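The values are calculated or read from the model by the stated rules, or taken from the named source; none is laboratory data. Since we're looking at a predicted model, the values are computed, not measured. When we count neighbours, we look across all protein chains shown, and the Cβ atoms used for this are built from the backbone with ideal geometry, even at glycine. For accessibility, only protein heavy atoms count, side chains too; no ligands or nucleic acids. Shrake-Rupley method; radii C 1.70, N 1.55, O 1.52, S 1.80 Å.
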Amino acid sequence: MAKPFSFEVLAIDGKARRGVIDMPRGEIRTPAFMPVGTGGTVKTMYMDQVRGVGADIILGNTYHLMLRPGAERVARLGGLHEFARWPHPILTDSGGFQVMSLSKLRKLTEKGVTFRSHIDGAPYEMSPERSIEIQGLLDSDIQMQLDECTALPAELKEIERAMELSLRWAERCKTAFGDQPGKAMFGIVQGGDNAALRVRSAQALSEMGLKGYAVGGLAVGEPQAVMLEMLDITCPELPADKPRYLMGVGTPDDILKSVARGIDMFDCVMPTRAGRHGLAYTRRGKVNLRNARHADDPRPLDEESDCPAARDYSRAYLHHLVRSQEALAAMLLTWNNLSYYQKLMQDIRAAIETQTFEARGAEITEGWARGDI
Ligand SMILES: CN(C)CCSCc1cc(N)cc2c(=O)[nH]c(N)nc12
């Protein structure tokens, strides 16, 4: 019998929680940042490097993997962990968000979504049941319900319709997921920027007794203040003994302020995408290596970092690689950025453990916010 999924809160500082999720494939230290591995790869990284920077869990993506190479094919090859050689926990998004943002000719009904692949135009349909089936074929450890994320700004009746549909889909996903002790299916709170709809969604999902809860429908272009206000409203309505995952977030400042409101898990393409575009995150601020002012700078990105990409290469060399569009540029900057994000989470976890998060948490990212240095 696989050991069951468990979440334990080890320390609290204000509303910030230091916890640990225990799963058969390993522990997840929270607050956690999950590197994005959309197509079964954290772009430009070897999986042992991803582990080496301190990641306990990565993200996979149902939409991309069902289109290519196909969920049944991944299952035949032993599942996503075997396929991508990542033996630790994997969380997969349900695919609905990506269908609405990437696919063509999409049609959404009570049954689910039909769409055409953005790769070859082939027709597909994704129901709550099919999404859970695909995530099962991938052997995903934490599976997300199929939901409808409303782009903001939106009419109240539109936000309500999508939130109510997502609740009905959560019930169907819970039924389809059944009882899998070593795995978890998370519900996703919707409700846009409307307090009453957020409360209704969070309360209804809490009554379903799920193993974890995501806050969706945010990081869709709304101001940070609106996102944070929705967290102030939503988190108190979710069970205190279950993990909370804020989807698609965010900058170091977003993460700090969301941990302070009770969020435990994060994912964002920023560190990996920025790495591919010549942008380095450091504890003293962002460094745009495309900028010519780095051409003669012998300094590394961060001489105190334990990441070789940050400590052993001059900015001049990194600038040269970026300007020359060398593959190594993306590799080194992605490595640096993921290392920075994991160090950020490690500092946040330590601050909560030592009860210094509320008082001094802002110092953890004050350098980053300073901008290009
Ligand atoms: C790479 N990541 C961005 C992908 C995983 S998170 C994708 C994602 C991001 C955001 N902002 C909102 C939602 C949402 O409301 N629902 C779902 N299912 N996914 C979401």
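Could you look through the stretch 227-249, keep only residues that are hydrophobic (A, V, I, L, M, F, W, C) and either more than 15 Å from the ligand (Cβ to nearest atom) or in contact (Cβ under 8 Å) with a residue 40 or more places away in the chain (or both), and pick out the one that is nearest to G96 (Cα to Cα)?
First, pick out the residues of the stretch 227-249 that are hydrophobic (A, V, I, L, M, F, W, C): 227-228, 230-231, 233, 235, 238, 240, 246-247, 249.
Subset that is either more than 15 Å from the ligand (Cβ to nearest atom) or in contact (Cβ under 8 Å) with a residue 40 or more places away in the chain (or both): 233, 235, 238, 240, 247.
Values: I233: 24, C235: 23, L238: 23, A240: 27, M247: 13 Å.
The selected residue is M247.
Yes/no matrix, rows are residues, columns are (1) surrounded by 21 or more Cβ atoms within 10 Å (Cβ to Cβ); (2) in a strand (DSSP E or B); (3) more than 18 Å from the chain's Cα centre (by Cα):
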residue	(1), (2), (3)
K3	no, no, yes
R18	yes, yes, no
I28	yes, yes, no
F33	yes, yes, no
G39	no, no, no
K43	no, no, no
D48	no, no, yes
R51	no, no, no
A55	yes, no, no
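Give me the residue from the stretch 316-360 that is open to solvent by less than 40 Å² (accessible area, probe 1.4 Å) and either among the small types (G, A, S) or at pLDDT below 95 (or both) and, out of that set, nearest to the chain's Cα centre (by Cα). Before the answer, list the steps.
First, pick out the residues of the stretch 316-360 that are open to solvent by less than 40 Å² (accessible area, probe 1.4 Å): 316, 318-319, 321-322, 329-330, 332-334, 336-342, 344-345, 348-349, 351-352, 357.
From what is left, the residues that are either among the small types (G, A, S) or at pLDDT below 95 (or both) are 316, 329-330, 339, 351.
Details: A316: 32, A329: 24, A330: 20, S339: 16, A351: 22 Å.
Taking the candidates together, the pick is S339.
How many of the residues in the stretch 134-155 are open to solvent by 10 Å² or more (accessible area, probe 1.4 Å) and part of a helix (DSSP H, G or I)? Write out each step before concluding.
Initial filter on the stretch 134-155 (open to solvent by 10 Å² or more (accessible area, probe 1.4 Å)): 136-137, 139, 147-155.
Narrowing further to those that are part of a helix (DSSP H, G or I): 136-137.
Total meeting the criteria: 2.
Hey, does the stretch 164-176 have a residue that's within 13 Å of the ligand (Cβ to nearest atom) and either more than 30 Å from K3 (Cβ to Cβ) or at pLDDT below 95 (or both)?
Let us first name the residues in the stretch 164-176 that are within 13 Å of the ligand (Cβ to nearest atom), namely 165-166, 169-170, 173.
Pick out the ones that are also either more than 30 Å from K3 (Cβ to Cβ) or at pLDDT below 95 (or both) and you get 165-166.
Within the stretch 164-176, one or more residues are within 13 Å of the ligand (Cβ to nearest atom) and either more than 30 Å from K3 (Cβ to Cβ) or at pLDDT below 95 (or both).
Looking at the stretch 158-192 only, could you name the residues that are surrounded by 22 or more Cβ atoms within 10 Å (Cβ to Cβ) and outside any helix (DSSP H, G or I)?
K183, A184, M185, F186, G187, I188, V189, Q190, G191, G192
Take the residues of the stretch 84-119 that are farther than 18 Å from R68 by Cα, of a type in the set (D, E, K, R) and part of a loop (DSSP other than H, G, I, E, B): which is least open to solvent (accessible area, probe 1.4 Å)?
E110
Would you pick out the residues in the stretch 120-131 that are within 13 Å of the ligand (Cβ to nearest atom) and part of a helix (DSSP H, G or I)? It would help to see each step written out before you state the result.
In the first step, residues of the stretch 120-131 are kept if they are within 13 Å of the ligand (Cβ to nearest atom); the result is 126, 128, 131.
Residues satisfying the conditions are P128, S131.
Taking R200 as meeting all but one of (1) surrounded by fewer than 20 Cβ atoms within 10 Å (Cβ to Cβ); (2) within 12 Å of the ligand (Cβ to nearest atom), write down the number of the exception.
(2)
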